[in-house]
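Reading through the structure tokens given below for one structure.
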Amino acid sequence: MTISAIMFYGLGIIILAATALAITRRNPMHAIIYLIVSFFAMAPLFYLLGAPLLALLEIIIYAGAIMVLFIFIVMMLRIEVTPSTAGQWFRQWFPAVALSALSGLVMVILIWQEPSQQMVLPLAMASPREFGLFVFRRYWFAVEIASFLLFVALVGAYYLGRKGANPEGKP
Amino acid sequence: MIVPYSHILILASLLFLMGAACAVARRNLIMILVGVEVMLNAAALAFVAASLRWQHLDGQAFVIFIFAVAAAEVAVGLALIVRAQRSTSSVMADDYQQLKG
């Protein structure tokens, strides 16, 4: 087992544990902090898989921008943590966990059966320059659409959250 | 040399199913959005691994667009949550029961 394989399994364990903790916390703030840990572990994994620019973007956009937005909203709304009864907890989680475990089992079997997937991946690195040139040459139109989507999201978020909005009457 | 492609795919699928279970089982709207974020991140991991597997940059380019979609989705989703919280003063999905035009 090489050093990169050890790093991969270590990061994978961190990601799975942090995500499992995040989705089960009752307090949204704790959940978001655990999710930030998970994203911070995901960034070196991207680097290991040969995407240094995406590793940086994972930290800047996901852990930096998106999660900070979540934290702002959680602090703004002042959400009270309601204690749950055991029966309610069971009724909510049992179907979700059972169905996820079933489809996870099917997925693992499908992935395992494919013999060509056992090939060990080589180490490779796409430099940010090479990657940027590729994206803007090959996918320039998709980049334009993504920027338009972000603009629409900006306008929509402003429209929904503006101060004079009266939720009871007409918008 | 790192690990077999299947191990990365299994990690991504476990992560995706965790996010799906979170989005289905939780009632807090913020936690539902967190579940969607986990799912998008798992898809990004699968794309990066596929990009390395076939030595092609297309997978990494798609991850850029996944990031853009995730950012837009979170902005609009959180604005909707703030608005819903103003009208019903609750962020629990169970409390949105009334239809009123």
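Quick look at the values:
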| read-out | value |
| --- | --- |
| Top-ranked residue of the stretch A:56-78 - restricted to ones that are within 13 Å of the chain's Cα centre (by Cα) and open to solvent by less than 20 Å² (accessible area, probe 1.4 Å), ranked as farthest from the other protein chains (Cβ to nearest Cβ) | A:Ala63 |
| Qualifying residue in the stretch A:1-19 (condition: surrounded by 21 or more Cβ atoms within 10 Å (Cβ to Cβ) and among the β-branched types (Val, Ile, Thr)) | yes |
| Matching residues, the stretch B:74-101, being more than 7 Å from every other protein chain (Cβ to nearest Cβ), open to solvent by 40 Å² or more (accessible area, probe 1.4 Å) and out of contact with any helix residue (DSSP H, G or I) (no Cβ under 7 Å at 6 or more places or on another chain) | B:Ser89, B:Asp94, B:Gln97, B:Gln98, B:Leu99, B:Lys100, B:Gly101 |
| Which listed residue is open to solvent by 50 Å² or more (accessible area, probe 1.4 Å) and touching a strand residue (DSSP E or B) at 6+ places or on another chain (Cβ under 7 Å), from A:Met119, A:Met125 | A:Met119 |
| Cβ pairs under 8 Å, 6+ apart, first in the stretch B:80-101 and closer than 21 Å to B:Val24 by Cα and touching a residue at least 24 places away in the same chain (Cβ under 8 Å), second open to solvent by less than 90 Å² (accessible area, probe 1.4 Å) and of a type in the set (D, E, K, R) | B:Met92/B:Arg27; B:Ala93/B:Arg27; B:Asp94/B:Arg27 |
| Residue match in the stretch B:42-53 (condition: without any contact (Cβ under 8 Å) to a residue 12 or more places away in the chain and among the basic types (Lys, Arg)) | no |
| Selection count, the stretch B:70-87, where residues are over 12 Å from A:Leu77 (Cα atoms) and not aliphatic (A, V, I, L, M) | 3 |
| Residues of the stretch B:1-33 satisfying the condition of being free of Cβ contacts under 8 Å to residues at least 24 places away in the same chain, more than 7 Å from chain A (Cβ to nearest Cβ) and open to solvent by 10 Å² or more (accessible area, probe 1.4 Å) | B:His7, B:Ala23, B:Arg26 |
| Residue within the stretch A:125-135 that is in a helix (DSSP H, G or I), free of Cβ contacts under 8 Å to residues at least 24 places away in the same chain and at the interface with chain B (Cβ under 7 Å from one of its Cβ atoms) present | yes |
| Residue satisfying condition, being under 18 Å from B:Val3 (Cα atoms), more than 7 Å from chain A (Cβ to nearest Cβ), modelled with pLDDT of 90 or more and within 9 Å of the chain's Cα centre (by Cα), within set B:Ala46, B:Ala42 | B:Ala42 |
| Pick from the stretch B:34-58, criterion in contact with a Lys or Arg (Cβ under 9 Å, 6 or more places away or on another chain) and open to solvent by less than 10 Å² (accessible area, probe 1.4 Å), ranking: farthest from A:Glu114 (Cα to Cα) | B:Val34 |
| Residue in the stretch A:24-55 that is nearest to the chain's Cα centre (by Cα), counting only those that are open to solvent by 10 Å² or more (accessible area, probe 1.4 Å) and of a type in the set (Val, Ile, Thr) | A:Ile36 |
| Residue in the stretch A:28-46 that is within 23 Å of A:Leu121 (Cβ to Cβ) and of a type outside the set (A, V, I, L, M, F, W, C) present | yes |
| Residue list for the stretch A:1-27, filter: assigned to a helix (DSSP H, G or I) and either among the acidic types (Asp, Glu) or more than 14 Å from B:Val38 (Cβ to Cβ) (or both) | A:Ile3, A:Ser4, A:Ala5, A:Ile6, A:Met7, A:Phe8, A:Tyr9, A:Gly10, A:Leu11, A:Gly12, A:Ile13, A:Ile14 |
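The values are calculated or read from the model by the stated rules, or taken from the named source; none is laboratory data. Every value quoted in this text rests on a predicted model; they were computed, and no experiment measured them. Methodologically, a virtual Cβ is constructed for each residue, glycine included, from the backbone with ideal geometry; neighbour enumeration extends over all protein chains shown. The area values use the complete protein model at the heavy-atom level, side chains included, leaving out ligands, DNA and RNA. Shrake-Rupley method; radii C 1.70, N 1.55, O 1.52, S 1.80 Å.
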